[in-house]
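Report on the structure given below.
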């Protein structure tokens, strides 16, 4: 595993939790896929360009319009330093196939809605919408509204200060 020292913690995290994975956008960096295979994970890679690596199957596929038949039985998709514009497509694919997603972006990128994971010496982002714990929305929605609109006292002040008629609302004016 010496060759994979810099990605060993990521490989460990994935191999401890997943059986079937697909790397999105393998490019010139098959080390994670090779490390996962050595750890017993069934893995293949995709890219929009054809690549040939001994020990890993690479399929030509476009994440913006993926061939869903490739991902049957996959419980994780992951990518190393994907372009930020492709991250929403990864999340969409993960939702569609009921899989988790992991990305290891450039150090300055933080994808919204993804959870930062630190495992060993690796930091990466995890998307797990298909397996999110149940949340009592009765508590979440008021908290979200309060953070968006302000406290109940602020809302009351806004309500008292806002005396707009239906006629003014239609014209887009307020008194």
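Computed from the coordinates by the stated procedures, all read-outs in this text should not be read as laboratory data. Because the structure is a prediction, the values reported are computed rather than measured. Glycine also receives a Cβ, built like all others from the backbone with ideal geometry; neighbour counts cover every protein chain displayed.
Using 1/(1 + (r/R0)^6) with R0 = 22 angstrom and r between the beta carbons of residue 89 and residue 59, what's the FRET efficiency to the nearest 0.05?
Values: r = 16 Å, r/R0 = 0.73.
After rounding to 0.05, the efficiency reads 0.85.
Exposure proxy check: 118, 92 ranked by fewest other beta carbons within 10 Å?
Values: 118 10, 92 14.
In order of increasing Cβ crowding within 10 Å: 118, 92.
Counting only DSSP beta bridges with both residues in the range 2-131, what percent are antiparallel, rounded to the nearest 5?
On the way: 9 of 25 bridges.
In the range 2-131, DSSP labels about 35 percent of beta bridges as antiparallel.
For Cα pairs less than 8 Å apart in space and 6+ apart in sequence, what is the mean separation divided by the residue count of the range 2-131, i.e. the relative contact order in percent? Working shown, then result.
Details: 221 pairs, mean separation 27.7, N = 130.
Over the range 2-131, the number comes to 21 percent.
In which sequence would 69, 79, 84, 15 go, from the one with the fewest C-beta neighbours within 10 Å to the one with the most? All intermediate terms of the calculation are to be shown ahead of the outcome.
Details: 69 6, 79 25, 84 13, 15 18.
Placing the least packed residue first, the sequence is 69, 84, 15, 79.
Over all distinct alpha-carbon pairs, what is the Kirkwood Rh of the range 2-131 in angstrom? It would help to have the intermediate numbers written out before the result.
Numbers: mean 1/r = 0.0691 Å⁻¹.
The answer is 14.5 Å.
Which order do 11, 60 fall in if you start with the one that has the fewest other Cβ atoms within 10 Å?
Numbers: 11 23, 60 11.
Neighbour counts put them in this order, fewest first: 60, 11.
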